[in-house]
Amino acid sequence: MFREKGSSWMGRRYVGEVDGYFVEAQVFDDPSEYGIAKGRISRLYIFPDAASGFNRRLSSYERGWDGGPPQDRRLRQVVERTVAHFDRKQVDWTFEEYRYRESQD
């Protein structure tokens, strides 16, 4: 599902395909309150395919959701599978929505 693309200045960078979407993730060794579901993923980008440029991302998370958590069920499933892969936990979308709204105040 994922392969390591090397270390960034913090954490490790992974790329892979999930349900037909191209995914990039920055993953730390330890969970963080800033991670998705308070887990190890601090950055996550979902693209239509590997050839897509950065401006074609469908959803992005950088210590918080850019524009809010994805509403499309297919993108949510990609996030859920990615979190399950790295953190072995489920995503509480109600909590993720709450965190996003709180960050906007």
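Side notes on the structure shown:
- Rounded to whole numbers, the Karplus 3J(HN,Hα) couplings from phi for the range 57-67 are 5, 8, 7, 8, 9, 9, 6, x, 7, 7, x Hz, using 6.51 cos²θ - 1.76 cosθ + 1.60 with θ = phi - 60°, and x at Gly and Pro.
- Helix-only [θ]222 nm of the chain, DSSP H runs n ≥ 4, -39500 (n - 2.57) each, per residue, nearest 500: -8000 deg cm²/dmol
The numbers here are math on the coordinates, done by the rules we state, and not lab data. It should be emphasised that the depicted structure is a prediction, and the values quoted were computed from it without experimental measurement.
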